[in-house]
Amino acid sequence: MTATYHQSIDNALSKNEKALDEKTLSNKRGKTLPKYIYLSLSLLWLYSGLVPVFFAKQQSLQMLAELGISDTYQSLVFYLAALLDVVFGLLILTKYRQQPLLWLAQLVVVTTYSLIVAVGLPENLLHPFAPLIKNIPIIAILLFLYQYHRVSVNRQTH
């Protein structure tokens with residue numbers, strides 16, 4: 001199923017690749033993106049993975065309970081999600097940031113997290129600080145980085 005899902009995303013995005021290749025001068029000329037793009041996303045993931053563990057564990061577990069996750073699995077889900085966030089944050093700081101799959105995985109995770117919270121905790125859609133709405137530009141950036149690195153990898157293999 002994962003391979004089929006990945007292929008369907010690849011097919012849906014392949015039309016945008018040509019436009020990205022034609023419109024993104026930095027990619028076309030072989031320049032790299034500014035480091036602050038990567039550093040800011042890394043910081044976001046590291047913050048999201050570490051702060052709840054050290055400063056907001058009870059709030060996080062309460063949210064998981066409100067989403068219907070049983071007491072038995074709350075800690076496991078909490079720590080696995082935090083670990084995943086930290087792993088993403090660290091991978092962005094390495095050479096693996098050049099791999100399109102890293103950006104696709106983040107895109108899937110942010111979209112999934114957002115949909116789960118939007119459906120399970122809909123009050124967050126109207127929250128004055130807009131925690132879910134802020135994910136829209138993050139999703140857009142992750143989509144761009146997936147396409148950008150996919151074009152770069154395709155250039156290197158051809």
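Structure data summary
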{"read-out": "Cα→Cβ-extended label distance, 7 Å offset, between LEU90 and VAL108, nm", "value": "2.1 nm"}
{"read-out": "Rg over Rh, two decimals, segment 87-147 (C-alpha only, Kirkwood Rh)", "value": "1.05"}
{"read-out": "Positive-end residue, segment 29-157 charge dipole about Cα centroid, Cβ charges, pick of LEU101, VAL53, ILE116", "value": "LEU101"}
{"read-out": "Over 22 Å [Cα-Cα, segment 29-157], rounded percent", "value": "41 percent"}
{"read-out": "Sites GLN62 and LEU39, calculated FRET efficiency, Cβ-Cβ separation with R0 41 Å, nearest 0.05", "value": "0.85"}
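No lab work stands behind these numbers, since they all come straight from the coordinates. As the structure is a prediction and not an experimental result, all values here were calculated from the model. Every residue, glycine as well, gets a Cβ built from its backbone with ideal geometry; the counts of neighbours run over all protein chains shown.
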